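Right, one structure below, let's go through it.
The values are calculated or read from the model by the stated rules, or taken from the named source; none is laboratory data. Quick caveat, the model's predicted, so the values are computed rather than measured. Note that each Cβ is placed from the backbone with ideal geometry, even for glycine, and that neighbours are counted across all protein chains shown.
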Amino acid sequence: MRLNRFERFLVNQPLRPWSQRWLEARPWRGLGAQLAGARVLELGCGQGEGQRILRRDFGASQVVGCDLDGRQLQRAQRRCQQDAALSWVQADAQELPFVADSFDAVVSFNALHHVPDWERALAEAQRVLRPGGQLVLLETLRGFLEAPPMRQLMEHPRQGRFDAGQLRRAVLEAGFHLRGSRRIPGCFLWLVAALEG
Ligand SMILES: C[S@@+](CC[C@H](N)C(=O)[O-])C[C@H]1O[C@@H](n2cnc3c(N)ncnc32)[C@H](O)[C@@H]1O
C-alpha cells in the first residue's frame, strides 16, 4: 500500500536520514547482520536513504531498491544517482521480478507492514535469496499501528498488522533460522535471520 500524505512527509523529512542511520539501522550490527560485499535487495526502499546506509555503513557491494511507489523511486534516483552501485526497480514485494538465488541479503526498513500479504513477501524474499542468504528486518508492530493517533494519521492494510511473535514465527516458517532479534515491546522489532548455507 502506498503512503498517505502524512507518512510520505514523515519518511522524507530532513531529520529522517539521521534517525534511519543512527536509530533504525544500528541495532542490526549486534544481531549478526553481515553485509560486507553483499548484493542486497531492499524492499520498500522509499527515498533511497536505506540503500546509502547499507553501502556506507554495512559495506554492501550493490543495493537494488524496490518500491511500489514510482514517485518515491524517482526521489531515490535523484538523491542517490552518484553511486553507481545503487539501482531501482518498481515492483511489488509480493511478486518480485527476480529469479531464484539473485541476492545475498534482503533488507527492509519498515516496509513489510504496508504489504497486505506480508507472509507472501517473506516467501518471495526466501525465493530470491541464495542458500545462506540473510533476511534483515526492522518492522513496526501492531501495538504501534493500532494506537489511536497512529490510526488517525496513517493508513496501513489491516492484514499487514502483526506482533513480534507472529513475525518471528512467519520468518521461521518461510525457512529461515533466527540469528537474533530485539524489540521495543508493542512497537518495533529488529530481526536478522538466514537460510541454511
Ligand atoms: C514506511 S515506508 C518506508 C520507506 C523506507 N524504507 C524508509 O525507511 O524510509 C514503506 C515503503 O514501502 C513501500 N511499499 C508499500 N507496499 C509495498 C509493496 N507491496 N511492495 C514494495 N514496496 C511497498 C511504500 O511505497 C514505502 O516507500
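Figures for the structure shown
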read-out: Among (1) surrounded by 23 or more Cβ atoms within 10 Å (Cβ to Cβ); (2) at pLDDT below 95 - the single one residue 67 does not satisfy; value: (2)
read-out: Yes/no for residue 48 being within 23 Å of residue 192 (Cα to Cα) and within 9 Å of the ligand (Cβ to nearest atom); value: yes
read-out: Residue in region 16-25 that is of a type in the set (D, E, K, R), away from the ligand (no atom under 14 Å from the Cβ) and in contact with a strand residue (DSSP E or B) (Cβ under 9 Å, 6 or more places away or on another chain) present; value: no
read-out: Any chance residue 104 is within 15 Å of the chain's Cα centre (by Cα) and over 23 Å from residue 22 (Cβ atoms); value: yes
read-out: Residues of region 23-49 that turn out to be assigned to a helix (DSSP H, G or I) and touching a helix residue (DSSP H, G or I) at 6+ places or on another chain (Cβ under 9 Å), as a count; value: 3
read-out: Count of residues meeting criterion [over 24 Å from residue 104 (Cβ atoms) and surrounded by 14 or more Cβ atoms within 10 Å (Cβ to Cβ)] in region 11-33; value: 4
read-out: Members of region 89-107 found to be part of a loop (DSSP other than H, G, I, E, B), out of contact with any helix residue (DSSP H, G or I) (no Cβ under 6 Å at 6 or more places or on another chain) and surrounded by 17 or more Cβ atoms within 10 Å (Cβ to Cβ), listed by number; value: 91
read-out: Pair list, Cβ < 6 Å and 6+ apart or interchain, from region 81-96 residues that are of a type in the set (A, V, I, L, M) to residues that are part of a strand (DSSP E or B) and surrounded by 15 or more Cβ atoms within 10 Å (Cβ to Cβ); value: 85/62; 86/63; 89/66; 91/66; 93/43
